[in-house]
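K.L.:
First the structure, then my questions, so here it is.
The values are calculated or read from the model by the stated rules, or taken from the named source; none is laboratory data. None of these values were measured; they are calculated from a predicted model. Cβ coordinates were reconstructed from backbone atoms using ideal geometry, including for glycine residues, and neighbour counts include every protein chain displayed. Areas reflect the complete protein model, heavy atoms only, side chains present, ligands, DNA and RNA absent. Shrake-Rupley method; radii C 1.70, N 1.55, O 1.52, S 1.80 Å.
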Amino acid sequence: MTAKSTDSNRPSVRPRDRGRSPFFHGREEIIDTFNSVLEDSKALNDGTTFMIQGAPGAGKTALIDVLARRVADQGWKTAHIGTNTLWNPDDLLHRLGKKTSTRIKGASVEAGVDKDVKASALLSVEILPVVLTMIKILEDDKKSLLLILDEAQALGLKDMVPAEIKDNVTDVFKQIHNGDLGRPVMFLAGGLGTTEVALSTFGVSRFEGDCKVYLDRLDKASERAVIHDWSTYAGGAPRDTPTWIDAIAEHTYGWPQHIMSYVKPAVKYLGANEHQMSDEGLDFVLANGEEARLEYYDSRAHDIDEHERETLARAVMDVPTDGTTTGPAIISILKKSGLTQKEADDLFTQALDQGIIDKRKGGRYGIPIPSMHSWLIDEHIGNKCQDIQHPPKSLPIRTEPLSPQPTREDQERMKKDKGEDKRKGRGGFSMER
C-alpha cells in the first residue's frame, strides 16, 4: 500500500442523495442552451420558461444548482421559490430578499417598511388584487431575475392551487412566460415527467427553441469522471484507479442517484483503509451499493402496496427494457388485473407522481430507469408470471425426420423376443393382449 495522501487541497465533502454536487460533469449541451437563452433574454429585455424534466435520480436538482450558480456569476439575481410563491405576495417578497413584509388580510395589507419598525407602527392600507400585486413586485426592479422551482410537477397535484385563484396564477405565469414584465425574468422549472402537463394547466404549453429538456442518464465519460472525483477527492484514493472505477460504473447505469449509492460506501471504505481499494473493498462497495440502489427503488414505490406493485409490474412486463408504451395500454392491463376504472386511473397517476412511470416524447410512457424496470418485475412477479395473461409458450414443433417404421419382420422378431423375456421371468411383456 502507498502512504496516506496528504493533499491539503482535497475538499472535505460527503456524498448527498440530492442537491448540490461538488463534483459535476456532463450536461454541456443543456448548459450551453440555457446560457444562450439567458443572453437572448437579456438582449431583448424579456423572459421565458425553461423546463427540465427527468426521471427520479437523473440529477435535476444538481443541474439546477449549477445553472443557478452560473447565472449568479453573470449578474442575475436568483430566487428559489415554492409551489405557492406565485400566488402569495408575502412569500415572493421574502424569497426576493425584500425588507418590506406584507401580510394579506382580505382586501387590505399590513405593511412594515423595515423589520426594525415596531408592530405598533404597522399601517393598514388598501391594496390591489393579488395578481396585480404579484406582477407589480416582479416589475419593481430592473435587474435580471431567475425564479427557480424544483419539484415543479407538484403544481399539477389535485387541489394544490385553490380553484378561486387559479386564474390569477395563470395570469402571473403568462406574464413571465411571455416576457411581459419589462425586464429579463426567467422561470426555471425542474421536475418529473408530469411537469409539462402541470405547467400546461397554467397556460405554459409552448416553449421556445430548446427550452424544454428531458434529462437522461450521463454519458460514460461523465459517469466515470464523477466516480473518479468522489473516490479521489472525497475518498483520498490514488488517482490511477481505473479498474475499480470501471467495476462501479458497470452497476450505476449512468444515473447520478446510482452513482451516489456506490460512492458512499467507497468513500467510507477508503477512509478506513489508508485510502486504498482492495479486492475485498471492491466487494464491499458493490454489495452495499446494490443494497442502496434497491432500497432507492423501493422508496420510489412508497405508499403502493404489494398487490398494486405486482399489478404495475404485469402492466409493463412486456414493454422492452428502456422501451415505451401508451397510457391506455397500461391502464387496460391494470383493469384486467381486477381494478376498477377509477382504481386503475388512480394507480397509474400515483406511479407517475412517484416517478415509477414517466412520460416521454410523443405521449408515451415507460419505466424511467432500465434497472428499475428489471427490479419491478423480478421483485414483484419473479416466476409468478405464468397465468392467464401470460400462458406458457407452446413447445417447439419437431422438425427433425422421424425414425423409419419397423418392417413386418422386425415386428415378428420383437414379438418373439418379448415372449422369450416373459418365459425367462425378466419382466418382459407380450405385444398381444
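K.L.:
Got a number for residues in region 290-323 being at pLDDT 90 or above and on the phi > 0 side of the Ramachandran plot?
P.N.:
Residues that pass the stated criteria total 0.
K.L.:
Any residue at all in region 91-104 that's modelled with pLDDT under 85 and among the acidic types (Asp, Glu)?
P.N.:
Scanning region 91-104 turns up no residue that is modelled with pLDDT under 85 and among the acidic types (Asp, Glu).
K.L.:
Quick one: would you say Leu339 is surrounded by 13 or more Cβ atoms within 10 Å (Cβ to Cβ), over 21 Å from the mean Cα position of the chain (by Cα) and modelled with pLDDT of 85 or more?
P.N.:
So Leu339 fits the description; yes.
K.L.:
When Glu308 is evaluated against the numbered criteria (1) farther than 15 Å from Ser374 by Cα; (2) surrounded by fewer than 18 Cβ atoms within 10 Å (Cβ to Cβ), which criterion, by number, is the only one it fails?
P.N.:
The number of the failed condition is (2).
K.L.:
If Ile331 satisfies every condition in (1) without any contact (Cβ under 8 Å) to a residue 24 or more places away in the chain; (2) over 19 Å from Thr194 (Cβ atoms) but one, which is the exception?
P.N.:
Only one criterion in (1) without any contact (Cβ under 8 Å) to a residue 24 or more places away in the chain; (2) over 19 Å from Thr194 (Cβ atoms) is unmet by Ile331, namely (2).
K.L.:
For the subset of region 40-55 comprising residues that are outside any strand (DSSP E or B) and open to solvent by less than 10 Å² (accessible area, probe 1.4 Å), which member is farthest from Leu149 (Cα to Cα)?
P.N.:
Ser41
K.L.:
Tally up the residues in region 299-330 that are in a helix (DSSP H, G or I) and under 12 Å from Tyr365 (Cβ atoms), please.
P.N.:
The total comes to 7.
K.L.:
Only residues in region 124-153 that are hydroxyl-bearing (Ser, Thr, Tyr) and modelled with pLDDT of 90 or more count as the first member; pair them with residues that are assigned to a strand (DSSP E or B) and surrounded by fewer than 19 Cβ atoms within 10 Å (Cβ to Cβ), Cβ under 8 angstrom, at least 6 apart or cross-chain, and list the lot.
P.N.:
Once the first residue is hydroxyl-bearing (Ser, Thr, Tyr) and modelled with pLDDT of 90 or more and sits in region 124-153, its partners that are assigned to a strand (DSSP E or B) and surrounded by fewer than 19 Cβ atoms within 10 Å (Cβ to Cβ) give Ser144/Lys77.
K.L.:
Further question on the same structure: Does region 283-294 contain at least one residue that is aliphatic (A, V, I, L, M), under 22 Å from Asp216 (Cα atoms), assigned to a helix (DSSP H, G or I) and open to solvent by 10 Å² or more (accessible area, probe 1.4 Å)?
P.N.:
Yes, that holds for at least one residue.
K.L.:
Something else about it: Which one is modelled with the lowest pLDDT among residues in region 351-368 that are in a helix (DSSP H, G or I) and open to solvent by less than 50 Å² (accessible area, probe 1.4 Å)?
P.N.:
Gly363
K.L.:
Testing Trp244 on (1) closer than 30 Å to Leu270 by Cα; (2) at pLDDT 90 or above, one condition comes back false. Which one is that?
P.N.:
(2)
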